[in-house]
Amino acid sequence: MASPRTLTQMTVETIIDHTPMVRELRLRNQSSEPFRFKAGQFVMLHVPDAETGKPALRAYSIASEEQKTDGFNLILKYVDNGKASSFVWGLGGNETLSFTGPFGKVFFQEPPIEQIIFLNTGTGLAQHLSYLLSKKDQFPNLKYKMLFGLRHETDIYFEKELTELQKTLPNFEFEYVLSRAWSSGRTGKTGYVQNFIKDFDFKNIPTTFYLCGNGGMIKATKEILIDQHGFDKTRIWAEAFD
Ligand SMILES: Cc1cc2nc3c(=O)[nH]c(=O)nc-3n(C[C@H](O)[C@H](O)[C@H](O)COP(=O)(O)OP(=O)(O)OC[C@H]3O[C@@H](n4cnc5c(N)ncnc54)[C@H](O)[C@@H]3O)c2cc1C
């Protein structure tokens with residue numbers, strides 16, 4: 001198996017624009033050697049930088065299942081004037097991208113306990129999606145619950161795919177939480193994902209929390225769980241993107 005420091009070249013096989021601000025890249029390994037990772041890990045994209053002549057490195061959580069070793073999927077959010085964002089939104093398909101990795105130690109805890117709660121914001125879905133896709137066949141009967149935080153209703157993405165996942169994981173529930181008002185007549189939760197922690201029964205049901213995305217959300221969630229509810233901090237696993 002290649003070391004995480006080895007440069008891996010991947011071909012951009014498919015580009016899916018879920019919204020104008022969220023782009024999925026499906027990448028295929030150019031080497032026949034398997035690219036192995038554990039769900040929860042991330043890779044470093046080497047972004048060509050003509051100014052410095054050295055690549056700029058940016059971390060992206062792998063959004064696909066760990067059983068797939070011939071490539072992986074990434075889900076990226078566009079950041080204004082961002083180096084990686086400008087580069088990725090300039091891609092048209094078939095380009096070669098260079099990565100190092102996998103890195104990271106935020107793994108799905110096994111053996112799992114009864115209830116798994118995912119709180120994510122933006123593209124924080126990526127890490128949680130990898131857990132779900134990787135573990136669904138092994139642990140189909142866990143109570144999987146997800147709150148997916150976004151700003152506007154037009155930012156909603158991956159709804160069809162998560163609904164599809166419910167066919168194989170009947171105990172998987174997910175709900176969007178918008179920080180701005182719902183606008184099209186559809187209703188749902190408004191606020192921040194952490195405002196709805198109280199709605200989960202994590203006191204009576206053995207629970208592991210996974211948090212991913214905005215660092216402010218992660219900090220606030222930990223404060224609520226640990227400081228206000230005395231929740232066991234060893235059962236909270238978090239990856240901040242900023
Ligand atoms: C472990 C880890 C995993 C990550 N996984 C993902 C992932 O799966 N998907 C994903 O989209 N991102 C992920 N990120 C964030 C990613 O690494 C980049 O920081 C992000 O894509 C911005 O890079 P950029 O080069 O486009 O912007 P930069 O050139 O780095 O930044 C441009 C400007 O935007 C600001 N900025 C940077 N990031 C953000 C942000 N998220 N929101 C608002 N403003 C920002 C900067 O402060 C700067 O002013 C991850 C980060 C970490 C640490």
Within the bounds of the range 46-57, is there any residue that is modelled with pLDDT under 95, over 16 Å from the mean Cα position of the chain (by Cα) and within 11 Å of the ligand (Cβ to nearest atom)? yes
Based on what the data block shows, is Q41 out of contact with any strand residue (DSSP E or B) (no Cβ under 9 Å at 6 or more places or on another chain), more than 8 Å from the ligand (Cβ to nearest atom) and not hydroxyl-bearing (S, T, Y)? no
Only one residue in R36, R26 is outside the structural domain of Y157 (by TED's automatic domain parsing), outside any loop (DSSP other than H, G, I, E, B), surrounded by fewer than 19 Cβ atoms within 10 Å (Cβ to Cβ) and within 19 Å of the chain's Cα centre (by Cα), so which one is that? R26
Please work out which residue is farthest from F202 (Cα to Cα), limiting yourself to the range 101-116 and to residues that are touching a Phe, Trp or Tyr at 6+ places or on another chain (Cβ under 6 Å) and assigned to a loop (DSSP other than H, G, I, E, B). G104
Residue list for the range 148-163, filter: surrounded by 12 or more Cβ atoms within 10 Å (Cβ to Cβ), outside any loop (DSSP other than H, G, I, E, B) and of a type in the set (S, T, Y): T154
Does at least one position in the range 61-69 carry a residue that is near the ligand (Cβ under 10 Å from one of its atoms), outside any strand (DSSP E or B) and either within 16 Å of the chain's Cα centre (by Cα) or not small (G, A, S) (or both)? yes
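Suppose the filter is without any contact (Cβ under 8 Å) to a residue 12 or more places away in the chain and loosely packed, with under 12 Cβ neighbours inside 10 Å; does Q166 pass it?
no
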Reported set for the range 74-100 where residues are assigned to a strand (DSSP E or B) and near the ligand (Cβ under 10 Å from one of its atoms) is L74, I75, L76, K77
Residue list for the range 182-207, restricted to those being assigned to a loop (DSSP other than H, G, I, E, B), of a type in the set (S, T, N, Q) and touching a residue at least 24 places away in the same chain (Cβ under 8 Å): S183, S184
Inside the range 200-242, can you point out the residues that are charged (D, E, K, R) and under 14 Å from the mean Cα position of the chain (by Cα)? E239, D242
Test T19 against the criterion of being within 16 Å of G122 (Cβ to Cβ) and either more than 9 Å from the ligand (Cβ to nearest atom) or among the basic types (K, R) (or both), and give yes or no. yes
Starting from the range 36-55, take each residue that is over 21 Å from P102 (Cα atoms) and list its partners that are assigned to a loop (DSSP other than H, G, I, E, B) and more than 10 Å from the ligand (Cβ to nearest atom), counting only C-beta distances under 8 angstrom and pairs at least six apart or across chains. D49/P55
Any idea which of (1) hydrophobic (A, V, I, L, M, F, W, C); (2) surrounded by fewer than 19 Cβ atoms within 10 Å (Cβ to Cβ); (3) more than 11 Å from the ligand (Cβ to nearest atom) is the one F103 doesn't satisfy? (3)
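The values are calculated or read from the model by the stated rules, or taken from the named source; none is laboratory data. Since we're looking at a predicted model, the values are computed, not measured. Backbone-built Cβ (ideal geometry, glycine too); neighbour counts: all protein chains shown.
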